[in-house]
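Structure first, commentary second.
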Amino acid sequence: MTKSHLADLDRRHLIHPVTNFRAHEHKGVTILQSGEGSWLEDINGNRLLDAFAGLWCVNVGYGQQSIVQAAMEQMQRLPYATGYFSFGSEPAIQLAARLVELSPASLQRVYFSLGGSDAIDAAIRYITHYYNTLGQPQRKHFIALERGYHGSTAMGSGLTGLPAFHYNFDVPRENQHHIPCPYPYRSPVGEDPAAIIAESVRQLRAKVNALGVENVAAFFCEPIMGSGGVIVPPAGWLRAMQDTCRELGILMLVDEVITGFGRTGPLFACAEEGVEPDMMTVAKGLTSGYAPMGALLISEEIYATIADGPGGDRLVGHGQTYSAHPVSAAVGLEVLRLYLEGGLLAQGQAIAPYFQEHLQRMLQHPLVGDARSRGLLGALELVADKRSRAPFDPALKLSERLSRIAYDNGIIFRAFGDNILGFAPALCFTESEFDFLFERLTRSLDALLEEADVIRAVA
């Protein structure tokens, strides 16, 4: 099939996630053909360094043959096993046990989903069931962060704190609320870590008090707000939020869909601060994008309350056909082996300082106002005026323009609509690949700065 025919079929039939329908039709699809390590090749033969690991997910890099082998062997042995009717499969059981072993001690039970969005949806349902079982049905209010991301399901999208996921979808719902995120570069209380943490605690307390603590079910947050622009809170923030949730008597869910599996250094970001949440969601790095899978981990207390409370003899009516899929689970087990026994987790930790040094050096560029990172998760924020931190006029569409320039220069990263550049390189990235990335990034920013309307906009 010719490239033009494929592009035409895409334009006429395939709906892409989070896109402007007509704009995509006009632009046309970019068809990726193959991948190896941290590199991709498109259908036109262009070789591209992927500094975003697909969509924050291909942590082990492309072309890991041991993962392909694990998937193939499982497909030959048992390609599908339902989790309904008390059936199961060996890889799913092993993966659940391995996740519990590696996760915070508070988390003892695992529900497998197809990805992060439906893991959040499962969390909302189980939390609702939990409080109804406890005889506290009024606890229906959920609190999350502005700029946070918790998926795009009918329920989860309301907890996501990004307007694009709300427009014309009738969310957030009346029981879904947001407080400001801890954004050091643009914090109204300044950049002092203690002040930022104190303000987040104050905002959470104020929201809970306004709603009535007896009406609040849970607080959802990411350790780092990924899709909101890689907003990195000060060290100690996550622990302070957990302590506040416990003091208030509300549940805390930590969303590690982006930050999990070595992305920020440890296997899970919350481990850095000794946080033990009531629930945790994971996906993306769980299978490194080689197969669809997510997971919701919950505490024994929540599980036992649902299992042993009034109505415990009834079915818990939540599930999916492909939950605990054996092929995805086999992939997940091999990916975990590569992280731990295969040395990729340690490799990512060792290379992270080199990545961070490159990011900090980018502050010398006239367009870069802020550089922030943790582990192999980072961002650069472009500003029109470094002194005032004034952003660029959205009408300039700098993100779109820079993405095109960068692609022509052989690199891929995430250019958010508010002119934040996101980076999530695979754990197998090398020093030479980082050198290439930042040389080409500088070249791309320089080219953008040469355009007349950008020159006029820069203070």
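What is the one condition in (1) within 25 Å of the chain's Cα centre (by Cα); (2) assigned to a loop (DSSP other than H, G, I, E, B) that PRO137 does not satisfy?
Going through the list (1) within 25 Å of the chain's Cα centre (by Cα); (2) assigned to a loop (DSSP other than H, G, I, E, B), PRO137 breaks only (1).
Can you work out which of the residues in the stretch 298-316 that are among the small types (Gly, Ala, Ser) and modelled with pLDDT under 95 is surrounded by the most Cβ atoms within 10 Å (Cβ to Cβ)?
GLY309
When you check ILE143 against the structure, is it part of a helix (DSSP H, G or I) and under 13 Å from PHE219 (Cα atoms), yes or no?
no
May I ask you to list the residues in the stretch 369-382 that are closer than 14 Å to GLY229 by Cα and either out of contact with any strand residue (DSSP E or B) (no Cβ under 9 Å at 6 or more places or on another chain) or not polar (S, T, N, Q) (or both)?
Passing the criteria: GLY369, ASP370, ALA371, ARG372, ARG374, LEU377, GLY378, ALA379, LEU380, GLU381, LEU382.
If you go through the stretch 196-206 one residue at a time, do you hit one that is closer than 26 Å to GLY236 by Cα, buried (at least 21 other Cβ atoms within 10 Å of the Cβ) and either under 19 Å from the mean Cα position of the chain (by Cα) or among the hydroxyl-bearing types (Ser, Thr, Tyr) (or both)?
Yes, the stretch 196-206 has at least one match.
With the condition kept exactly as written, say whether any residue in the stretch 172-181 is under 29 Å from ASP308 (Cα atoms), in the same structural domain as THR287 (by TED's automatic domain parsing) and more than 23 Å from the chain's Cα centre (by Cα).
yes
Among the numbered criteria (1) of a type in the set (A, V, I, L, M); (2) buried (at least 17 other Cβ atoms within 10 Å of the Cβ); (3) within 25 Å of GLU191 (Cβ to Cβ), which single criterion is violated by ALA390?
The one condition ALA390 does not meet is (2).
Among the residues of the stretch 369-428, how many are part of a strand (DSSP E or B) and under 22 Å from GLY45 (Cα atoms)?
3
What are the residue pairs meeting all of these: first residue in the stretch 88-110, first residue assigned by TED's automatic domain parsing to the domain that holds VAL275, second residue surrounded by fewer than 19 Cβ atoms within 10 Å (Cβ to Cβ) and polar (S, T, N, Q), Cβ atoms under 6 Å, and 6 or more apart or on different chains?
Sorted first by the residue in the stretch 88-110, then by its partner, the pairs are VAL100/GLN108.
Being over 20 Å from LEU427 (Cβ atoms), touching a residue at least 12 places away in the same chain (Cβ under 8 Å) and not in a loop (DSSP other than H, G, I, E, B) is the filter here, so list the residues in the stretch 329-368 that pass it.
ALA329, ALA330, ARG361, MET362, VAL368
From the list LEU9, LEU32, exactly one residue is surrounded by 15 or more Cβ atoms within 10 Å (Cβ to Cβ) and more than 22 Å from GLY378 (Cα to Cα). Which is it?
Only one candidate qualifies: LEU32.
If you go through the stretch 188-199 one residue at a time, do you hit one that is in the same structural domain as CYS245 (by TED's automatic domain parsing) and touching a strand residue (DSSP E or B) at 6+ places or on another chain (Cβ under 8 Å)?
No: the stretch 188-199 contains no residue that is in the same structural domain as CYS245 (by TED's automatic domain parsing) and touching a strand residue (DSSP E or B) at 6+ places or on another chain (Cβ under 8 Å).
Listed here are the residues, each with its yes/no results for (1) in contact (Cβ under 8 Å) with a residue 60 or more places away in the chain; (2) of a type in the set (Val, Ile, Thr); (3) outside the structural domain of CYS428 (by TED's automatic domain parsing).
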position: LYS207; (1), (2), (3): yes, no, yes
position: GLY226; (1), (2), (3): yes, no, yes
position: VAL230; (1), (2), (3): yes, yes, yes
position: MET241; (1), (2), (3): no, no, yes
position: CYS245; (1), (2), (3): no, no, yes
position: MET252; (1), (2), (3): no, no, yes
position: THR264; (1), (2), (3): yes, yes, yes
position: ALA269; (1), (2), (3): yes, no, yes
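Return the pairs, sorted by first residue and then second, in which the second residue is part of a loop (DSSP other than H, G, I, E, B) and modelled with pLDDT of 95 or more, the first residue lies in the stretch 296-322 and is assigned by TED's automatic domain parsing to the domain that holds GLY135 and under 22 Å from ASP255 (Cα atoms), the beta carbons are less than 6 Å apart, and the residues are 6+ apart or on different chains.
Correct list of pairs: LEU297/SER103; SER299/SER106; SER299/ASP278; TYR322/LEU114.
Which ones in the stretch 80-110 are of a type outside the set (Ser, Thr, Tyr) and not in a helix (DSSP H, G or I)?
If the condition is that a residue be of a type outside the set (Ser, Thr, Tyr) and not in a helix (DSSP H, G or I), then ALA81, GLY83, PHE87, GLY88, PRO104, ALA105, LEU107, GLN108, ARG109, VAL110 are the ones that fit.
Please indicate, with yes or no, whether at least one residue in the stretch 42-51 is of a type in the set (Gly, Ala, Ser) and either within 24 Å of the chain's Cα centre (by Cα) or loosely packed, with under 14 Cβ neighbours inside 10 Å (or both).
The answer is yes, given that some residue of the stretch 42-51 is of a type in the set (Gly, Ala, Ser) and either within 24 Å of the chain's Cα centre (by Cα) or loosely packed, with under 14 Cβ neighbours inside 10 Å (or both).
Can you tell me which residue among GLY317, GLY265 is over 20 Å from the mean Cα position of the chain (by Cα), outside any helix (DSSP H, G or I) and small (Gly, Ala, Ser)?
Unique residue meeting the criteria: GLY317.
Checking the conditions here, which among ALA324, ALA295 is within 28 Å of GLU73 (Cα to Cα), touching a strand residue (DSSP E or B) at 6+ places or on another chain (Cβ under 7 Å), at pLDDT 95 or above and assigned to a loop (DSSP other than H, G, I, E, B)?
The unique qualifying residue is ALA324.
Which of the numbered conditions does TYR303 fail, given that it passes all the others? Conditions: (1) closer than 21 Å to LEU95 by Cβ; (2) assigned to a loop (DSSP other than H, G, I, E, B); (3) not hydrophobic (A, V, I, L, M, F, W, C).
The one condition TYR303 does not meet is (2).
Which residue pairs have Cβ atoms closer than 7 Å, lie 6 or more positions apart in sequence or on different chains, and pair a first residue in the stretch 182-195 that is within 15 Å of ILE224 (Cα to Cα) with a second residue that is among the hydroxyl-bearing types (Ser, Thr, Tyr) and part of a helix (DSSP H, G or I)?
Hits for this filter: PRO182/SER200.
It is to be established whether one or more residues within the stretch 210-227 are in contact with a Cys (Cβ under 9 Å, 6 or more places away or on another chain), modelled with pLDDT of 95 or more and of a type in the set (Phe, Trp, Tyr).
Scanning the stretch 210-227, I find at least one residue that is in contact with a Cys (Cβ under 9 Å, 6 or more places away or on another chain), modelled with pLDDT of 95 or more and of a type in the set (Phe, Trp, Tyr), so the answer is yes.
The values are calculated or read from the model by the stated rules, or taken from the named source; none is laboratory data. Computed from a prediction, not measured in an experiment: that's the story for all the values here. As a convention, Cβ positions derive from the backbone with ideal geometry for all residues, glycine included, and neighbour counts pool all protein chains shown.
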